[in-house]
Amino acid sequence: MTVVFYLSAAVALISTALMITRANAIHALLYMVLSLFSMAVIFFVLGAPFAAALEVIIYAGAIMVLFVFVIMMLAPGRHRDDEALEGPRPSAFVMPAIIAVVLLGEIAWVAWRGGLGPASGTSVAPDQVGATLFGPYLSAVEMASLLLLAG
């Protein structure tokens with residue numbers, strides 16, 4: 001399971017770096033979705049299936065779909081009409097396809113090798129997450145909420 005953790009971390013780092021460097025907003029958001037999926041695999045391997053499910057459902061699912069719809073409706077970067085007729089270059093699909101195949105292979109390997117439970121054999125319940133966040137880490141949660149409010 002250590003291999004899956006490090007591969008997922010590498011996928012998260014690569015997809016995040018590609019997200020930051022893309023000029024096309026849709027491509028950047030799709031790389032961000034891939035980064036969020038790899039973070040969900042990391043949470044799952046570390047024994048937090050609840051956090052992994054929240055990562056997929058809330059962040060990669062709802063929020064990113066909303067971002068994609070808004071950007072597609074606003075259509076920034078549409079400079080020429082003949083550019084839309086040409087379509088994307090086939091070489092634009094190589095890197096995302098490689099990263100997605102690696103992440104899919106990791107998920108399949110974890111499901112086949114270790115079952116569908118967390119790798120460590122222990123699981124973190126949602127009430128333990130809440131008690132920890134609002135217990136010893138209360139100041140960190142409040143600072144993060146102020147940072148999000150300011151953003």
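Read the figures in this text as sums done on the coordinates, not as results from a lab. Worth saying up front: this structure is predicted, and the values here are computed from it rather than measured. Cβ sites come from the backbone with ideal geometry, for glycine too, and all protein chains shown count toward neighbours.
The table below lists the values:
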item: Stretchable slack from Y6 to F93, in nm (0.36 nm times residue separation minus alpha-carbon distance); result: 28.9 nm
item: Separation in nanometres of the label points that stand 7 Å from Cα toward Cβ, at L104 and T21; result: 2.4
